[in-house]
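Structure record follows, encoded as structure tokens.
The values are calculated or read from the model by the stated rules, or taken from the named source; none is laboratory data. All values reported here derive from a predicted model rather than from experimental measurement. Methodologically, a virtual Cβ is constructed for each residue, glycine included, from the backbone with ideal geometry; neighbour enumeration extends over all protein chains shown. Protein only, heavy atoms only, side chains kept; ligands, DNA and RNA dropped before computing areas. Shrake-Rupley method; radii C 1.70, N 1.55, O 1.52, S 1.80 Å.
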Amino acid sequence: IRIAAAAADRVKPGSSIFLDGGSTILAMAPLLRERTDLTVVTNSLRVAAELAGGGPTLIVTGGEFRRRSQTLVGPLTEPVLDALHVDMAFVGTIGLDLEAGLTTTDPREAFTKRLILRHARQIVLVADSTKAGKTSFVRFGSPDQAHVFITDARTPAPLLRALRRKGVRTVVV
């Protein structure tokens, strides 16, 4: 919740943002519910449901439904994401390893995450310490693609130092 709050605090009035389907990002959505000054693009049905009652302008990507994460993923997300450029993308990860990169469990989800990394002016990676040093099935990016990494105090200091050396601003909450 602290990571989600720190991420939500970064959203400036008038911004366009992408919210993916991770649990930390889902915790962000209620914090943005009253913000009528935003455009939110999401592939998460849970995020969309949270914001559907009002607040931000909401754009849902479409795509193949992934039951486990309740997200829309894969090549069918491409037409919408290729047409957009967002100010900020808030992206979660299952694994964060300096060599293996940012990883997730599903190739279709990785496809969609790679797309949004290409279409955001600023990438905010949100992940708690349990993701540090982990590698999942499919790589979708490199940790140094993130402009900002928001995490908790249990994330290993060597990982944080390495990310800072690569130019990633780290925020520990």
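Might you check whether a residue that is open to solvent by less than 50 Å² (accessible area, probe 1.4 Å) and assigned to a helix (DSSP H, G or I) occurs anywhere in segment 52-72? No, the conditions are met nowhere in segment 52-72. Has segment 131-150 got any residue that is closer than 21 Å to Ala8 by Cβ, open to solvent by 20 Å² or more (accessible area, probe 1.4 Å) and assigned to a helix (DSSP H, G or I)? Yes. Looking across segment 100-114, the residues that are buried (at least 23 other Cβ atoms within 10 Å of the Cβ) and more than 25 Å from Val173 (Cα to Cα) come down to Glu109, Thr112.
For Ala157, indicate whether it is closer than 26 Å to Pro13 by Cα, modelled with pLDDT of 95 or more and of a type in the set (A, V, I, L, M). In short, no.
When Ser16 is tested against (1) open to solvent by 60 Å² or more (accessible area, probe 1.4 Å); (2) of a type outside the set (A, V, I, L, M, F, W, C); (3) more than 23 Å from Ile94 (Cβ to Cβ), exactly one condition is not met: (1). Just name the residue that is most open to solvent (accessible area, probe 1.4 Å) out of those in segment 19-51 that are assigned to a loop (DSSP other than H, G, I, E, B) and among the basic types (Lys, Arg). Looking at the filtered set, the residue picked out is Arg33. A single entry from Leu102, Leu115 fulfils the requirement of being assigned to a strand (DSSP E or B), of a type outside the set (D, E, K, R), under 26 Å from Pro79 (Cα atoms) and free of Cβ contacts under 8 Å to residues at least 60 places away in the same chain: Leu102. Please determine, by comparing only the residues of segment 151-169 that are outside any helix (DSSP H, G or I) and touching a residue at least 60 places away in the same chain (Cβ under 8 Å), which one is surrounded by the fewest Cβ atoms within 10 Å (Cβ to Cβ). Of everything passing the filter in segment 151-169, Asp152 is surrounded by the fewest Cβ atoms within 10 Å (Cβ to Cβ).
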